[in-house]
Structures are given as C-alpha cells and as structure tokens.
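One structure is given here, and the rest of the page talks about it.
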Amino acid sequence: MPKPYLIHYYFIATHLFSALVFCSDASFCDQITFPKLCNSIFGPKLEPRESHSFDAQAKIAWMDCLELYEDVIRHINLSTTHMSPTDIEKWLSVALVNYKSCQNRFKDSDLSLNLKLHSQTFLKSLVELLAENKTLATDFLRAHDHQRIQLAEGGTTYANLVVAQDGSGDFKTVTEAIKASEKLRINIERFVIHVKSGVYKENIVIEQSMNNLTLIGDGIDATVITNDRNYEEGYTTGDTATAQIWGPGFVAMGITFENTAGPAKQQAIALLSSSDLSVFYRCSFKGYQDTLCLLKYHQFYRECDIYGTVDFIFGDAAAVLQNCNIYVRNPLPGQQNTITAQGRTDPLSTTGFVMHKSRVSPAPELALANGPVSTFLGRPWKDYSRVVFVKCYLDSFIDPLGWMPFLGDSAFDNVYYAEYMNIGKGADTGGRVTWPGYHVLTTGEEVEQFSVGRFFAGEFWIPSTGVPFDSSL
C-alpha cells in the first residue's frame, strides 16, 4: 500500500497540471486536498494560467505532461517497497526522462521556464522525502537533468543548464540561461551552465549576486561569445565589454570571449572581470585595445590565449596568468603595442600582474606586417603599477627597452616591473630601461613572493575548481 505522503504528492501533481491547464482565479494550493503541504512546496504565489492563454498545441502539450507525471507517480509507488539506493536511482532516472520530455513539448520559453521552476521544486521535495541516502539526493540535485561534461585532467562535472543554438538545450542564448540561473539555483553552491559550440553574438553580465557560477564551453573557438561595442561609438570603456563578470567565484572553461570592433574603435573590451577568486581555464580573449580588463580582486588564468594591441591586459587585480599564450596583433599605423597597463595606486596594495611560464608571440597579422611595430611588455597606467614576467618566452619583436612610459608622465621610482629567468630573443635584459622601479631578479627567494601560493594563497581556493596550477615558481 502506498505511503500517505506519496498519495499526497499524487494529488498535488495531478491537480497542479489540471489547474494550470484548466484555469482558475484562485490560488492553486487553495483548491486541492492538502493546501498546507502544497504551500510548503510551491508557496502561496503559484498562480494558474487562464485556459485562453494556451493555443491548441499548448493544451495538448500540457495534457502530455500530466500523463508523464502520472507515470512518475507510478514509479514512486513502486519504490515504496524497494527503498534501496539502487531502486531510488532507477526511479529518479525515469522521473528525469519524463521531466525533460515534458519540457521539450514547449517552444514558448516562458512556459518552459515556468514549468522548470515548479517541477524542479516538486522533484527536489520528492527526493528529500524518499531518499534515505541523502548523498544520493544531493548528487541528483546537482546533476539536474543534463549530461556529464568531460573536463581536463580526466575530471567530469554536470550541467544545470544547457545553451545550444540548435534548440537541443534549455536556451538558445547565454543571457537567457544566466537570467534563469538566478531563479533555479537552490543556494550558493556552484551552478554550471554548458554553452555548446556556436557563435553567440551578445553581451553577457554576471551580476554581483551570482556567486559561484560556471560557464563551460566546448573549447576555444568552438564556443564563442562575441560583440563589437566600443568607445568610439559612445560606450564607456567598461560597457564595451562583451562579458562583464561581477559575481565572486566565477569559473569559465573552454570559451572564446571576443570583441570585434577593431583597432580603429579605440577601447573595446572582450572580458571585464571583477570577480573575486575567479578562474579562467583554456579560454581565449580576442580584441585589440583593452582586450582583457582584470579590474580588481584575485584572479587566476591558466592555459588561456590573449590577443590585443594597446594596453590589452589592464586593471588593478591581483592576477596570475600561468601557461598562457599572449598574442600581439597589428595596431593602427603609428601606434606602439603595450601588453600590460597595470593600475596599482597604493604602495601597500597587494595587487599586480604575474605572467608565469607564458609565451609572448606575434599574432599572424603582426608577423606579416609591413615595417617594424614597437612592442613593450607594459607601461604604468598608475603610479605604483606592478608587473612581473617569470620564466616566460619572449619573442624577438619585444623592444629592447622592454617597458615604456605612460603618456610621458610615469612615476619611474614607484613602479615595480621585474623579469626573472625569461627566455627567447626578446628576453635579453641588457638594453632595458634604467628606471629605479625596474628590476632584474636573480634569486628564487626574490621571485617566490609572486607565486600562486604566496601572491594570493591560491592553493586554498583554486583546487575546488578542478583547474590545474603550479603553486610555486
């Protein structure tokens, strides 16, 4: 005989879809046999749609959903006599398929999202009640209804939402998925959005309130988020960004962030990050002037590609770029390239850029340019600018001076620019600037302060992302 709470859920599931399809002006939970239990799950604000808001196809879809959820109830009842974790997992799998099948019957995104919000709550409550093994319930909720994503180093993770331009996911745009994640996430645990391969022309914003959000693409140049906002057309520098990341704990893997405005449009950011404890792994950032804005806080970049011309890695974050490729592009005629423009304003500040085991090379168009183009490792955007290149490969196109003033008004005594054990024809420090703030480091003790472990205690927060890193230099 079914347990009483399972019968309660049978009535809730049945009446839920009946009410949503067949209309009423009253609150849904007030109409059913167990209003208190219903309100504890769905809350008092769940209101049904009026029947005239559905076309014939939508009504058929709703009825199909009702049948699917009745099948879920059947499997619930079967599970009452087989409460082992294995049997529960079988029931969850069937419920999962039915849940997804119901969603797929709707082309209207609003209806689909409304169904997702309420049915996910319903399933969550069932899992909590039925699963004696709480670990299993937690794993199910984290897995949600999507496939496992293979990560580097043999790891895997689950996607809570999938973005696909061909309609095979939950949404066709990244922006829609980000907005949906605000409502779907249960708490501050990590929420994963898988962005399938495709070129997504949009500007995305991860708000300050969106903690621990992960975007996983299908690889550099496979998943591309792109736009062309720029300073020349009236945008502020920050608002030119194709992607703005404000929420702490953000992670991106396998995505190209791009701004295609071109060198003539001045500032045009591909990605602006103000996300504390953020990690970017095997991503690409393509632009010209001001490509990558490392605005503030602690940020880690591993095996990423960065393309640009003028000040194309800038900001005042404490950032380590490890095992990255830095590609210098062809600027406007008469322009000089500057890779970094770090903006530290206080001598006691712990911010700065550390380039570790990275490679600085000309992009193909620069290599083919007619005539020489001067390229510098950086210039001091602010008086206490700090940048360190450690064990990097510097190609021959780097100007022998290495560093240049910022508009002729740099505080040469206050900057901290350093190089240590770099290789390549551009790594010769014999002709470098003679500023008091420039240093050629010669010992491991001098440089170790800029390691991932010492510079921002990365060993305490990077491992949880699954991204590999070298803690020491």
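Taken together, the values in this text are just the output of simple stated rules run on the coordinates, not laboratory data. Not measured: the values here are computed from a predicted model. Don't worry about glycine lacking a Cβ; one is built from the backbone with ideal geometry, like all the others, and counts go over all protein chains shown.
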Go through 372-379, 418-425 and give me the packing order, highest mean Cβ count within 10 Å leading. 372-379, 418-425
Could you rank the peptides 311-317, 296-302 by their average count of other C-beta atoms within 10 Å per residue, with the highest value first? 311-317, 296-302
With a 29 Å threshold on alpha-carbon distance, the violating pairs from 296/357; 286/382; 201/296; 265/296; 201/382 are 201/382
Shape metrics for the range 284-338, restricted to C-alpha atoms - Rg then Dmax, Å: 11.4, 35
Taking every C-alpha to C-alpha distance in the range 171-315 and binning by 10 Å from 0, the per-bin percentages run 13, 46, 34, 6, 0
Fully extended, how many nm does the chain gain between residue 187 and residue 349 (0.36 nm per residue separation, minus their Cα-Cα distance)? 55.0 nm
Hey, can you rank 180-187, 350-357 by average C-beta count inside 10 Å, highest first? 350-357, 180-187
Around residue 255 (Cβ within 15 Å, Cβ-to-Cβ, excluding residue 255; K/R +1, D/E -1) the net charge comes to -1
